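A.B. asks: The structure under discussion is supplied below as structure tokens; questions concerning it will follow.
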Amino acid sequence: MPRISPARRAERRMESIDTAPRWCPSLGELRSTDLARAGGKGANLGELVAAGFAVPPGFVITTAAYREVVAGLTIPTHDTVAALEVPEAVRNSILEAYDELGAGRVAVRSSATAEDLPGAAFAGQQDTFLGIEGGPALLDAVRRCWGSLWTDRAISYRARLGIDDTSVAIAVVVQRMVPADIAGVMFTANPVTGVRGQVVIDSSPGLGEAVVSGLVTPDLAVLDARGQVVERSAGTREVVIREAAEGGTETVRASAARAVAAGRHTGDVDDPALSLSEADLTRLAEIGHRIATQFGRPQDIEWALAAGEFRILQARPMTALPPAPIRLNRFQRLIGPVILELLPRRPYPMEVSAWIAVNLGPNLEEMVKRLIGARFTLQDSMPDIDHVVQSYVPPNPVLSWRTPLRLLRTLGRTGRDPRAWTDDPDHRSYLAETTQLDAMDVSTLSWAELLGIPARAGDAGAPITNLRVGYLPAAAAAMVRLRILLSLLRRKEWFGSLVLEPHTMTQEANAELGEIARQLRDDPGLREKCRGLDGAQLMDLVETDPAARTVRAALEAFLARFGHRETVSILLPRDPTWSQSPKTVLALVAVLLDSDSERAPDSTASDNALARLLGHPLIRATRSAHGVRSLVRKASAAAALREDTHFELSRTMSIVRRTVHELGRRLADSGVLDAADDIWMLTLDELSRTGPDAADLGLRGIVERRRNAFAELAGSPLIAPTTLYPRLSSSGIEGVLVSGTGGGGGRVTGSVRIVSGPDEFATLRAGEVLVCSATNPSWTPLFARAAAVVVDNGGLASHAAIVAREYGIPAVMGTGNGTVVLTTGTRVQVDGALGVVLPGDQGR
């Protein structure tokens, strides 16, 4: 690049003397508090420079410069922003700062005000340009960085995090280019296990872009808190990205990558000199620990090694970091997946306060106390800070001196018929109380009456606890006796088929959904109109098309009977019930519309297994067929008892949700809250000290504080998968993508379909592999279309496992990371016997 004359340099300095400090400060002038003008990346780098870390020198083109450039644009887009003419004052300031840096080759990186923050890394959402040289090329790269704030991917990412487009701006970091021999990424906590003392380092020859963009399988090293290497594996070095002679970068395939960098090695990409030595790793880990200490939290750090010296290119808080691992006993490992299945997301403060703490929690705790004399508190399984749940710790009930007596009483109930619970007076009293609660018009209740509804709903659930205490022992005893019988007959493999879920309310709901689908299917005009519609679109059709009058009546009847059913989880009342979100119901109908893909539950499997059992020579010789048939029916009633009491308990969920919404509406109408939905960030106790006509007691500030805490925890699981499923990667089978507990059902091949929730039900296509975090009864119709199911959470007694067996499809339970590792569209083989998912082209 031609050098600028001293006279022209002085002229530029005079032109920009008033603007340079505002538009292009050096990194050394910035601190982490300068987020608004330097963006996340720029502010963090400034903090590192001030702390004495080896950061390549550079400057930041501030958000003020960006705003100056885009002023007047009504609707910014990538192309319009990238094509803007840079005002002369801004242009001069940039070129002056570039000249002060010594010109030459630089790295130009975006630094948006919403990126590199806790819970919002924005990794890869805005653009980076490397090896930029010369004023015109620099200005062009800066404009393209500005424009990258408005790419579709960046807009979509902000929308997912709930970040308003009008609230963001972008700065640009310009740094002297580092001619890296080796580069990569370092995490100062283990991103998989959550271990805070470990450092995980990915590295590869050349520029770090190959690692961060996922173009290579990098070298991996894990170091403990003492800096000792505890795990190490070599990468495959598929490509090397290096500076190009003419500027910019070039990507070289490994087979042709010679003379990747100079000085340390022979030029061969496989040269050991292109790997970090243990001394290098220890030195780099120590730098990482110091950076984490500087910022007070685990960091995600990009680094480069050039001429034997490490340079820090950026640092940001780690996102989606699991909680630190905890030691679990055998009972916690057993019960942990059962409850985690009901926590597909982090509960809101009001969900804990108005539902878990006064309803489900106390009823579950009472049941365990009466069955085995043990004590625990469900709320203790969800430790919180400022009422924001931080993690999930599986319950660990503690036995008491009452345990022997409680167990004797429990044994005394094993002679009951577990099918008789629906005729019990407790069931009738529960229905009467919940009917009365459901009939309440919450808009007419006083503030104090509204605050009392959650506790009243909790008290109403006591009869369900009585029913479970009274009849579960009989169901469990029947299952134990059946297992013993099958073991004696050496036919243990028949157990799963014999206890397939009998007639339940969920099956009745599915049958009615199937009937609604049949009505749409049998009308040629409606069937054509329904083709390709999702739940919301199908809802519009049913509500407005005169030809759908019969379907509309069937839907209303369905919701009157089953509308209290939860859409997501019985632990999470913020999410609507079926009545409150009929589009979710019609999304299930959309799944069932394709008659060619509809699969009925495999009812013959149970009948065939029972016939084989009754025909066994020993059963025939002892003439015990009648007793064995009764035993099987009692054992199979266990699933129905659990499922249908769950169905009944969800009746109180609807009234609690309506109550909370009414409280929120009143506070929003009176100006205490900005929106009615903000109430889920508060607690019942906080509402008891205020009201729509009282001072807000700083409720807005509480909501904002907790919303920020939720954002910081976004993407972080409630428990590290390796804590709950310690054998995640130890299946011992070559090529396994994910592994878990096999739920049976054989082996099939199909394309993955990730389904995150009810809004995505209709995306599942016939023959696809359903991959999700967990399921509940609302998901059951999807099993009629799926070829197999793979779930992150749950065991053999989970909803997904039971229904998969019922439909005769393979299931893999408790993978811990299936929704992260697998991607929609990928062909896989699901082996329900081995509990593994393999690449689609891999055989046994």
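The values are calculated or read from the model by the stated rules, or taken from the named source; none is laboratory data. If you're wondering where the values come from, they're calculated on a predicted model, not measured in any experiment. For neighbour counting, all protein chains shown are included, and Cβ atoms are generated from backbone atoms with ideal geometry for every residue, glycine included. For the accessible areas, the whole protein counts, side chains as well, though only heavy atoms, and no ligand, DNA or RNA atoms are used. Shrake-Rupley method; radii C 1.70, N 1.55, O 1.52, S 1.80 Å.
A.B. asks: Looking at ARG491, ARG483 in this structure, which one is more than 23 Å from LEU371 (Cα to Cα) and modelled with pLDDT under 95?
C.D. replies: Numbers: ARG483 fails: more than 23 Å from LEU371 (Cα to Cα).
Of the residues listed, the single one that is more than 23 Å from LEU371 (Cα to Cα) and modelled with pLDDT under 95 is ARG491.
A.B. asks: Another question, if that's okay. With respect to the numbered conditions (1) closer than 18 Å to GLN314 by Cβ; (2) without any contact (Cβ under 8 Å) to a residue 24 or more places away in the chain; (3) in contact with a helix residue (DSSP H, G or I) (Cβ under 7 Å, 6 or more places away or on another chain), which one is the sole condition not fulfilled by VAL55?
C.D. replies: (2)
A.B. asks: Let me ask something else. From the residues in the stretch 794-840 that are hydrophobic (A, V, I, L, M, F, W, C) and in a strand (DSSP E or B), which one is nearest to LEU782 (Cα to Cα)? Walk me through how you get there before you give the answer.
C.D. replies: Step one: filter the stretch 794-840 for residues hydrophobic (A, V, I, L, M, F, W, C), giving 796-797, 800-804, 809, 811-813, 820-822, 828, 830, 833-834, 836-838.
Filter once more, so that each one left must be in a strand (DSSP E or B): 811-813, 828, 830, 836-838.
Numbers: ALA811: 13, VAL812: 16, MET813: 16, VAL828: 19, VAL830: 17, VAL836: 21, VAL837: 20, LEU838: 22 Å.
If we take residues in the stretch 794-840 being hydrophobic (A, V, I, L, M, F, W, C) and in a strand (DSSP E or B), then ALA811 is nearest to LEU782 (Cα to Cα).
A.B. asks: How many residues does the stretch 619-651 contain that are in contact with an Asp or Glu (Cβ under 8 Å, 6 or more places away or on another chain) and outside any helix (DSSP H, G or I)?
C.D. replies: 1
A.B. asks: In the stretch 703-732, which residue that is of a type in the set (S, T, N, Q) and part of a helix (DSSP H, G or I) is modelled with the lowest pLDDT? Even if it seems obvious, please write down each step before you answer.
C.D. replies: First, the residues of the stretch 703-732 that are of a type in the set (S, T, N, Q): 708, 716, 722-723, 729-731.
In the following step, the residues that additionally are part of a helix (DSSP H, G or I) were identified as 708, 722-723.
Values: ASN708: 90, THR722: 83, THR723: 88.
Restricting to residues being of a type in the set (S, T, N, Q) and part of a helix (DSSP H, G or I), the top hit is THR722.
A.B. asks: Being more than 21 Å from GLY743 (Cα to Cα) and small (Gly, Ala, Ser) is true for just one of GLY496, GLY514. Which residue is that?
C.D. replies: Numbers: GLY496 fails: more than 21 Å from GLY743 (Cα to Cα).
Sole residue among the options that is more than 21 Å from GLY743 (Cα to Cα) and small (Gly, Ala, Ser): GLY514.
A.B. asks: Of the residues in the stretch 371-414, how many are on the phi > 0 side of the Ramachandran plot and either hydroxyl-bearing (Ser, Thr, Tyr) or in contact with a Ser or Thr (Cβ under 8 Å, 6 or more places away or on another chain) (or both)? Before you say what the answer is, go through the steps one by one.
C.D. replies: First, pick out the residues of the stretch 371-414 that are on the phi > 0 side of the Ramachandran plot: 373, 386-387.
Right, trim to either hydroxyl-bearing (Ser, Thr, Tyr) or in contact with a Ser or Thr (Cβ under 8 Å, 6 or more places away or on another chain) (or both) and you get 373, 387.
Qualifying residue count, the stretch 371-414: 2.
A.B. asks: Considering the stretch 27-42 alone, what residues qualify as being more than 17 Å from ALA292 (Cβ to Cβ), among the small types (Gly, Ala, Ser) and open to solvent by less than 20 Å² (accessible area, probe 1.4 Å)?
C.D. replies: Correct list: ALA38, GLY39, GLY42.
A.B. asks: Within the stretch 323-332, does at least one residue satisfy the condition of being of a type in the set (S, T, N, Q) and farther than 29 Å from VAL55 by Cβ?
C.D. replies: yes
A.B. asks: Ok, one more. With the requirement that a residue be open to solvent by less than 50 Å² (accessible area, probe 1.4 Å) and either assigned to a helix (DSSP H, G or I) or acidic (Asp, Glu) (or both), what does the stretch 370-405 give you?
C.D. replies: Residues satisfying the conditions are LEU371, LEU378, SER381, THR403.
A.B. asks: Moving on. Hey, among VAL211, VAL178, VAL174, VAL240, which residue is touching a strand residue (DSSP E or B) at 6+ places or on another chain (Cβ under 8 Å) and assigned to a helix (DSSP H, G or I)?
C.D. replies: Exactly one of VAL211, VAL178, VAL174, VAL240 is touching a strand residue (DSSP E or B) at 6+ places or on another chain (Cβ under 8 Å) and assigned to a helix (DSSP H, G or I), namely VAL211.
A.B. asks: OK, next. If SER111 satisfies every condition in (1) modelled with pLDDT of 95 or more; (2) within 29 Å of the chain's Cα centre (by Cα) but one, which is the exception?
C.D. replies: Failed condition: (1).
A.B. asks: So, GLY52, is that one at pLDDT 90 or above, on the phi > 0 side of the Ramachandran plot, outside any strand (DSSP E or B) and surrounded by fewer than 18 Cβ atoms within 10 Å (Cβ to Cβ) or not? Before the answer, list the steps.
C.D. replies: On the way: at pLDDT 90 or above: yes; on the phi > 0 side of the Ramachandran plot: yes; outside any strand (DSSP E or B): yes; surrounded by fewer than 18 Cβ atoms within 10 Å (Cβ to Cβ): yes.
For GLY52, the condition - at pLDDT 90 or above, on the phi > 0 side of the Ramachandran plot, outside any strand (DSSP E or B) and surrounded by fewer than 18 Cβ atoms within 10 Å (Cβ to Cβ) - is met.
A.B. asks: Touching a strand residue (DSSP E or B) at 6+ places or on another chain (Cβ under 8 Å) and either surrounded by fewer than 16 Cβ atoms within 10 Å (Cβ to Cβ) or of a type in the set (A, V, I, L, M) (or both): is that true of VAL222 in this structure?
C.D. replies: Working: touching a strand residue (DSSP E or B) at 6+ places or on another chain (Cβ under 8 Å): yes; either surrounded by fewer than 16 Cβ atoms within 10 Å (Cβ to Cβ) or of a type in the set (A, V, I, L, M) (or both): yes.
Criteria met by VAL222.
A.B. asks: A further question on this structure: Among the residues in the stretch 505-518, are any touching a helix residue (DSSP H, G or I) at 6+ places or on another chain (Cβ under 6 Å), over 30 Å from LEU610 (Cα atoms) and not charged (D, E, K, R)?
C.D. replies: Residues of the stretch 505-518 touching a helix residue (DSSP H, G or I) at 6+ places or on another chain (Cβ under 6 Å): 505-506, 509-510, 512-514, 516-517.
Then keep just the ones that are over 30 Å from LEU610 (Cα atoms); that gives 516-517.
Applying the additional criterion that residues be not charged (D, E, K, R) yields 516-517.
Yes, the stretch 505-518 has at least one match.
A.B. asks: Scan the stretch 457-480 and tell me whether some residue there is over 30 Å from HIS427 (Cα atoms), among the charged types (D, E, K, R) and surrounded by fewer than 22 Cβ atoms within 10 Å (Cβ to Cβ). Can you show your working first?
C.D. replies: Let us first name the residues in the stretch 457-480 that are over 30 Å from HIS427 (Cα atoms), namely none.
For the stretch 457-480, residues over 30 Å from HIS427 (Cα atoms), among the charged types (D, E, K, R) and surrounded by fewer than 22 Cβ atoms within 10 Å (Cβ to Cβ): absent.
A.B. asks: Find the residue count for the stretch 316-343, including only residues that are closer than 15 Å to ALA720 by Cα, touching a Leu at 6+ places or on another chain (Cβ under 8 Å), open to solvent by 30 Å² or more (accessible area, probe 1.4 Å) and outside any helix (DSSP H, G or I).
C.D. replies: 0
A.B. asks: For VAL168, work out the one condition from (1) surrounded by 15 or more Cβ atoms within 10 Å (Cβ to Cβ); (2) modelled with pLDDT under 90; (3) more than 21 Å from LYS41 (Cβ to Cβ) it doesn't fulfil.
C.D. replies: (3)
A.B. asks: Quickly run through the stretch 489-499 and pick out the residues that are without any contact (Cβ under 8 Å) to a residue 40 or more places away in the chain and part of a helix (DSSP H, G or I). Steps first, answer last, please.
C.D. replies: Initially, the stretch 489-499 is screened for residues without any contact (Cβ under 8 Å) to a residue 40 or more places away in the chain, giving 490, 492-493, 495.
Scanning the stretch 489-499 gives LYS492, GLU493, PHE495.
A.B. asks: Among (1) under 30 Å from PRO344 (Cβ atoms); (2) aliphatic (A, V, I, L, M); (3) modelled with pLDDT under 90; (4) out of contact with any Pro (no Cβ under 9 Å at 6 or more places or on another chain), there is one condition ILE619 misses while meeting the rest; what is its number?
C.D. replies: Result: ILE619 fails condition (1) only.
A.B. asks: OK, next. Being touching a residue at least 24 places away in the same chain (Cβ under 8 Å) and not aromatic (Phe, Trp, Tyr) is the requirement here; does ARG552 meet it?
C.D. replies: Working: touching a residue at least 24 places away in the same chain (Cβ under 8 Å): no; not aromatic (Phe, Trp, Tyr): yes.
No: the conditions fail for ARG552.
A.B. asks: Could you please give the count of residues in the stretch 657-684 that are part of a loop (DSSP other than H, G, I, E, B) and open to solvent by less than 30 Å² (accessible area, probe 1.4 Å)? First the steps, then the outcome.
C.D. replies: Narrowing the stretch 657-684 to residues part of a loop (DSSP other than H, G, I, E, B): 670-675, 682-683.
Okay, now just the ones that are also open to solvent by less than 30 Å² (accessible area, probe 1.4 Å), so 672-673, 682-683.
Summing the residues that are part of a loop (DSSP other than H, G, I, E, B) and open to solvent by less than 30 Å² (accessible area, probe 1.4 Å) in the stretch 657-684 gives 4.
A.B. asks: Going by the structure shown, is ALA304 at pLDDT 95 or above, over 30 Å from ALA137 (Cβ atoms) and part of a strand (DSSP E or B)?
C.D. replies: Numbers: at pLDDT 95 or above: yes; over 30 Å from ALA137 (Cβ atoms): no; part of a strand (DSSP E or B): yes.
When the stated conditions are applied, ALA304 does not pass them.
A.B. asks: All but one of (1) assigned to a helix (DSSP H, G or I); (2) among the aliphatic types (A, V, I, L, M); (3) buried (at least 18 other Cβ atoms within 10 Å of the Cβ) hold for ALA511; which doesn't?
C.D. replies: In the conditions (1) assigned to a helix (DSSP H, G or I); (2) among the aliphatic types (A, V, I, L, M); (3) buried (at least 18 other Cβ atoms within 10 Å of the Cβ), ALA511 misses (3) alone.
A.B. asks: Are any of the residues in the stretch 254-262 aliphatic (A, V, I, L, M), surrounded by fewer than 15 Cβ atoms within 10 Å (Cβ to Cβ), at pLDDT below 95 and in a loop (DSSP other than H, G, I, E, B)? Working first, answer last.
C.D. replies: Just the residues of the stretch 254-262 that are aliphatic (A, V, I, L, M), to begin with: 254, 256-257, 259-262.
This time we only want the ones that are surrounded by fewer than 15 Cβ atoms within 10 Å (Cβ to Cβ), so: 256, 259, 262.
Retained after the next criterion (residues that are at pLDDT below 95): 256, 259, 262.
Filter once more, keeping what is in a loop (DSSP other than H, G, I, E, B): 259, 262.
Within the stretch 254-262, one or more residues are aliphatic (A, V, I, L, M), surrounded by fewer than 15 Cβ atoms within 10 Å (Cβ to Cβ), at pLDDT below 95 and in a loop (DSSP other than H, G, I, E, B).
A.B. asks: Answer yes or no: is there a residue in the stretch 758-778 that is assigned to a loop (DSSP other than H, G, I, E, B), crowded, with 19+ Cβ neighbours inside 10 Å, modelled with pLDDT of 90 or more and acidic (Asp, Glu).
C.D. replies: yes
A.B. asks: Looking only at the stretch 797-818, count every residue that is open to solvent by 10 Å² or more (accessible area, probe 1.4 Å) and in contact with a Ser or Thr (Cβ under 6 Å, 6 or more places away or on another chain) and tell me the total.
C.D. replies: Total satisfying the criteria: 1.
A.B. asks: Within the stretch 685-695, can you find the residues that are open to solvent by 30 Å² or more (accessible area, probe 1.4 Å) and assigned to a helix (DSSP H, G or I)?
C.D. replies: Taking the stretch 685-695 first, the residues open to solvent by 30 Å² or more (accessible area, probe 1.4 Å) are 685, 688-689, 692-695.
ASP685, SER688 - these are the residues of the stretch 685-695 that are open to solvent by 30 Å² or more (accessible area, probe 1.4 Å) and assigned to a helix (DSSP H, G or I).
A quick yes/no check of all residues on (1) in a strand (DSSP E or B); (2) in contact with a helix residue (DSSP H, G or I) (Cβ under 7 Å, 6 or more places away or on another chain):
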| residue | (1), (2) |
| --- | --- |
| VAL192 | no, yes |
| VAL200 | yes, no |
| THR217 | no, no |
| VAL222 | yes, no |
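A.B. asks: Got a number for residues in the stretch 171-207 being open to solvent by 10 Å² or more (accessible area, probe 1.4 Å), touching a Pro at 6+ places or on another chain (Cβ under 6 Å) and under 26 Å from ALA306 (Cα atoms)?
C.D. replies: 3
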